[in-house]
Amino acid sequence: MAYSAKDITVLEGLAPVRKRPGMYIGGVGSAGLHHLVWEIVDNAIDEAMNGHASKIGVTLHASGSAVTVTDDGRGIPVDTHPTHKKPAIEIIFSTLHAGGKFGGDGYKTSGGLHGVGSSVVNALSSRLVATVKRDGHEHRIEFSRGVTQGKLKRLGAARGSGTSVYFEPDPQIFPKVQFDAAIVRERLEVASYLHKGLEITFIDEAKKDKQVFKHDAGIADYLRVIVAARKSPVTNELPFVLSKEGEHRLEVALQWTESTDSVLRSFVNGIPTGSGGTHENGLRSGLVKAVRNYIEVHQLSPRGVTINSDDIHEGCVVVLSVFLAEPQFQGQTKDRLNNPEVQSAVDGAVRPALEQWLNENRSVAEAIVGRIIAAARAREASRAAAASVVRKSATSSRLTLPGKLSDCSSVNRENTELFIVEGDSAGGSAKQGRDRATQAILPLRGKVLNTEGLAPSKVLENKELQDLLTALGCGMGPSFDLARLRYQRVILLADADSDGHHITVLLLTFFYRHLPELIRQGRVFVALPPLYKIEIGKETHWASDDDDKERILRTWRKGNQRVDITRFKGLGEMMAGVLWDTTLNPRTRRLLKVSIADSLTTDRVMSDLMGKEPSARFDFIMARADQAELDV
Ligand code: 28G
C-alpha cells in the first residue's frame with residue numbers, strides 16, 4: 001500500500017499532555033518516566049511486526065537521563081502534508097493521535113497507546129531529535145517540549161532506511177529524570193522473547209555494557225529461563241508449546257514443576273498484563289478441561305480424592321502471549337484484559353491442542369497426572385491437619401512469647417494475622433484499633449538489623465529478630481517448619497514515609513533471605529497505611545502517596561470544591577478507629593502480597609537490596625509494590 005501524508009488524521013495539540021501527563025503515561029514517577037522508553041520502543045516494534053524492521057537498538061546515554069532508540073524500518077515519512085504544509089514526521093511528533101492508526105487502515109499495532117506515543121514522549125521531553133534515513137538521505141528534526149525547533153533538515157546522502165529517536169525527559173515534568181538501566185534491560189529482554197526473531201541491542205553507556213537479545217524460539221525460551229530460575233525439578237521434561245496465527249494470534253508455553261506455587265506470566269501485544277484478564281481465564285479453563293478430559297478418557301481418576309482446578313494448576317509455569325487488534329483494559333492499573341471474546345478463543349485453542357499433546361506424549365502425561373493427583377492428596381491431608389491445629393500460644397507455650405507481643409485470642413490459626421509494627425507508639429494505636437480475636441501486634445523498636453549476607457547465628461543474636469521468630473513460631477533454617485507458623489498471615493506495617501519504606505525493606509530482606517518459604521507460600525504481606533486524609537465535600541478519601549493523592553483530587557474534586565488535606569506524621573498519631581478503617585480492617589484495607597519474581601527480576605531486586613544506597617532500597621519497595629498482587 002502506498003502511503004502519503006494525507007492519510008494522517010489530525011486531532012489535537014500537545015498542551016493537554018503537559019498539563020496532565022498522568023493521563024497519558026500513568027504518572028510522573030519512575031513507572032511514568034520509563035513509559036516514555038516503552039512508547040518509542042513500541043513504535044519500533046510495530047515497524048518490525050509489520051515486517052519492515054528486524055533490528056532495534058536502545059542506548060541509555062552516560063548521563064542516565066537520555067535515551068536513543070533506533071530501528072532499521074522504512075523510516076518515518078518526511079513528505080509534506082498537502083493541507084498542513086508540514087512534513088509528516090513533524091505532524092506525527094507534534095500532534096496528539098496523529099499516525100493514522102485510528103483511520104482503520106489495517107495498520108497493525110503492538111499496543112501501548114496506539115501511536116499517540118511519539119507525540120506524548122515529545123511533549124514530555126525537554127529535547128527530542130528524530131533522525132530518519134529514507135529516499136537516499138538522512139533527515140533530521142528537533143523539538144523541545146513538543147515545540148519544533150527549526151525546520152526538518154535534509155542532511156547528507158545515506159544508504160538504507162530506518163528511524164532513530166533521541167530524547168531527554170523534561171525535568172519540569174518528572175521529579176527524577178534518571179532511568180534505571182536494569183528496568184530498561186529487563187523489559188527489552190522480555191520483548192525479545194515475545195517477538196521471536198527480533199534482535200534487540202541494549203547499550204548502557206555508563207557501564208560500557210552492550211547486550212544483544214534475540215530468541216528464535218520465542219516464549220519457549222522464556223519459559224526455560226523462568227523454570228531454570230525457580231530451581232525446582234520439572235515434572236514434564238518436555239514443555240508444551242502452542243503457537244497460533246490468525247485473528248487472535250496466540251502463543252503459549254507451559255511446564256509443570258515440583259514447586260507448589262504456580263506462575264502465569266501473561267502479555268497482550270507484548271505488554272505485560274495483570275492477573276485475572278480474560279486471556280488468563282481462557283488459559284486456565286482450557287488447561288483444566290484438557291487435563292480433566294485426559295484423566296477421564298484414560299480412567300486415571302484416583303479413588304477417594306477429587307481433583308480440583310487448583311491441583312491441576314499447582315506447580316505449573318505458564319507464559320501466555322496474545323495479540324489483538326483492539327485490546328480493552330480495566331482495573332485500577334488498566335492492565336487487566338477485558339475483551340470477552342478472547343476468553344473463549346484462548347480456551348478453544350489451548351484445550352484441544354493440550355489434550356492432543358498429552359495423548360501423543362503418554363509418558364510425559366503420566367508424570368503430569370501423577371503430580372496432579374499427589375497435589376490433590378496433599379491438599380486433602382493438609383486440610384485435615386489444619387482443622388486440628390490449635391494455636392499453641394493459647395495453652396502451653398504462652399509463657400515463652402515475647403512480652404511486647406499483644407497476641408490475638410483466637411485458638412484457631414485460621415484467619416489470624418501478625419502485624420509487625422515499627423515503634424511503640426504506632427504499636428499502641430494498632431493495639432487499640434485491631435480486632436483482638438484475630439489480629440496480633442508485635443512492635444519493633446528502632447531500625448531493624450540488615451540481615452543481607454548475615455549468617456543465621458548472627459541473626460539469632462539480634463533481640464528484635466529473636467522476638468519476631470518466637471512470635472512466628474515456625475523456626476528458621478534447618479529447623480523451619482511451616483506447620484508451626486502461629487498465624488495465617490504476617491503483615492508488615494510501617495509509616496507511609498521513606499523511613500517506613502526502609503524498615504519494610506529491611507524486614508523483607510530478613511524474610512527473603514532467612515524465611516523465603518513464608519514468601520513463597522504467600523504468607524507475607526505489606527500493609528498500605530494512608531499518608532493523606534482528603535476531605536472533599538462530605539466525602540473522605542485516603543491516599544497512600546502523592547500520586548494517589550493527585551489521582552483522587554483529579555477524580556473526585558468537582559470544579560472549585562473545597563478540599564481539606566491532612567498529612568499523617570505517622571501511624572502513632574492516627575486515631576485507632578481511623579487505623580482500623582484504613583489499614584487493619586480486612587474488608588476495607590489495602591494490602592500487597594509479597595512475591596518473588598523469576599530471575600529476570602530477582603537479579604535486579606537482589607542488587608538493589610544489597611546496595612548500600614538507601615534510595616535504591618526505596619526504589620525496590622516501590623517497584624515491588626506494582627508487581628505484588630492485591631490481597632482479596
Ligand atoms: C526508532 C524509534 C522508534 C517508525 C515508521 C514507519 C512508518 C511510519 C513509523 O508511518 C504514518 C500511519 C499509518 C501508514 C509507514 C513508513 C509507511 C511507509 C512508515 C519508530 C503511515 C507513520 N513508510 N517507523 N511510522 N503511518 N519507527 N521507531 O517510530 O499508515 S514509526
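The values are calculated or read from the model by the stated rules, or taken from the named source; none is laboratory data. Just so it is clear, the structure is predicted and the values come from calculations on it, not from any experiment. Backbone-built Cβ (ideal geometry, glycine too); neighbour counts: all protein chains shown. The accessibility values were calculated without ligands, DNA or RNA, using every heavy atom of the protein model including side chains. Shrake-Rupley method; radii C 1.70, N 1.55, O 1.52, S 1.80 Å.
A compact table of results
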{"read-out": "Portion, in percent, of the accessible area of the chain that falls on carbon or sulfur, probe 1.4 Å", "value": "51 percent"}
{"read-out": "The chain - percent relative contact order, Cα under 8 Å, separation 6 or more", "value": "9 percent"}
{"read-out": "Eligible lysines near Lys55 by straight Cα distance, threshold 23 Å, same-chain separation 8 or greater", "value": "Lys101, Lys108, Lys133, Lys196, Lys207, Lys208, Lys210, Lys214"}
{"read-out": "Degrees separating the helix 424-433 axis from the principal Cα axis of the chain, which is the longest one", "value": "80 degrees"}
{"read-out": "The stretch 113-168: radius of gyration over Cα atoms, expressed as a fraction of 2.2 N^0.38 Å", "value": "1.17"}
{"read-out": "Volume per residue of the C-alpha convex hull in the stretch 249-330, rounded to whole Å³", "value": "107 Å³"}
{"read-out": "Degrees separating the helix 181-194 axis from the principal Cα axis of the chain, which is the longest one", "value": "80 degrees"}
{"read-out": "Calculated P(r) tail over 16 Å for the stretch 294-341, as whole % of Cα pairs", "value": "65 percent"}
{"read-out": "Largest to smallest accessible area among Leu300, Leu444 [probe 1.4 Å]", "value": "Leu300, Leu444"}
{"read-out": "Cα-based convex hull volume of the chain per residue, rounded to whole Å³", "value": "171 Å³"}
{"read-out": "Alpha-carbon centroids, the stretch 477-500 and the stretch 30-65: separation in whole Å", "value": "39 Å"}
{"read-out": "Listed residues Leu507, Ala483, Val524: farthest to the positive end of the dipole of the stretch 456-558 (Cβ charges)", "value": "Ala483"}
{"read-out": "Accessible area per residue in Å² at 1.4 Å probe, computed on the chain", "value": "46 Å²"}
